[in-house]
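Down below is the structure, laid out as structure tokens.
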Amino acid sequence: MEDSYVLQLLKPKFKDFHLCFCGFAECKPLHSYGPAARPNYILHYVMKGKGIYQVGETKYQLKEGQAFLIEPESLTFYQADKTDPWSYLWVGFGGTEAQRFVRDLGLNSRQLTCECEYGEELKEIVFEMLHHTSSTAENLYYLQGKLYQFFSVLARGIEIQQYSNDTKESIHVQEAIAYIKNYYSQKITVEDIANYLALNRSYLYTIFMNSLGISPKDFLTEFRISRGKEQLALTDLSVEEIAVSCGYRNSLAFGKIFKQKVGITPTQYRNDNRKDARERLIRAQNELKEYKKHKTIYVGNIEKE
């Protein structure tokens, strides 16, 4: 579990580069998120404490002053430390030029972490964003400026930490994940993945278990369900449309797997998520008034990932 502030924008005004959401959280010991895939870029910055971030078979041990990038459609997992759980802020963004701006920071698919000494400035920017919750033209322009300011601070102070893990098995797993990301909506199977990589299916299973601790079949299912959850929460698409877009033949097949994995039906998940979002927004607005008044952090139980 975590205590957090969250701002989410569903209809961006700017197409080339725009804020999707942002937030700040103080996590409980071993609080985790994932494995899940997101449709946008997300940058997390660790304000204090420690935790792990895992992408594919690569695991990063992160601490105060470090940041990690989540790329669109990338299946990731992150977890707070047991004895020194982290607090972090995050900014989610997208747009046609988003990838180029990420590259300007020196980040990419092979370089997902960095260090920056200006954490307090980043926190101030995010909390100013969180205070502007209404979807007026004035606020949207204001938030756009703050997004650029966030990147400006990172570009000023960023230091890249190199990591490498390019074994033969690692490359195969990365290629399999890339294939899943590109074709999960087309009803692919584990057999299709193995054939694409020209690998024996049992070997594919072995390298996934060795690298990720999960089978290729379960990985594919988790990826599809995570994309379904995102669409249920953030779009008005019907359950049938979401089911097909996630690679299921119909809403019945999707609903059966979804309930097995999540514990509730897709419709229940959508209703609960939107109800929680409305309640979070009301609480966030009230608590952020106190933050602006006193310029200190008051943590409320606003969002649980």
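Quick notes
- Qualifying positions in the range 128-144 - in a helix (DSSP H, G or I), of a type outside the set (Asp, Glu) and open to solvent by less than 40 Å² (accessible area, probe 1.4 Å): 129, 130, 139, 140, 143, 144
- Set side by side, the residues 296, 221 differ, and just one is modelled with pLDDT of 90 or more and among the hydroxyl-bearing types (Ser, Thr, Tyr), which is 221.
- Screening residue 13 with (1) surrounded by fewer than 18 Cβ atoms within 10 Å (Cβ to Cβ); (2) under 30 Å from residue 171 (Cα atoms) gives one miss only, at (2).
- Some residue of the range 103-112 being in a strand (DSSP E or B) and either hydrophobic (A, V, I, L, M, F, W, C) or not assigned by the TED database to the domain that holds residue 20 (or both): no
- Taken together, the residues in the range 68-87 that are closer than 21 Å to residue 157 by Cβ and either in contact with a Gly (Cβ under 8 Å, 6 or more places away or on another chain) or open to solvent by 50 Å² or more (accessible area, probe 1.4 Å) (or both) amount to 2.
- Those residues of the range 26-68 which are at pLDDT below 90 and under 24 Å from residue 151 (Cβ atoms), in sequence order: 33, 37, 38, 39, 40, 55
- Matching residues, the range 135-149, being within 15 Å of residue 95 (Cα to Cα) and among the charged types (D, E, K, R): none
- Residue within the range 20-29 that is within 20 Å of residue 110 (Cα to Cα), open to solvent by 10 Å² or more (accessible area, probe 1.4 Å) and part of a loop (DSSP other than H, G, I, E, B) present: no
The values are calculated or read from the model by the stated rules, or taken from the named source; none is laboratory data. Keep in mind that this is a model prediction, so the values were computed, not measured. Glycine also receives a Cβ, built like all others from the backbone with ideal geometry; neighbour counts cover every protein chain displayed. Surface areas here come from the heavy atoms of the whole protein model, side chains and all, with no ligands, DNA or RNA. Shrake-Rupley method; radii C 1.70, N 1.55, O 1.52, S 1.80 Å.
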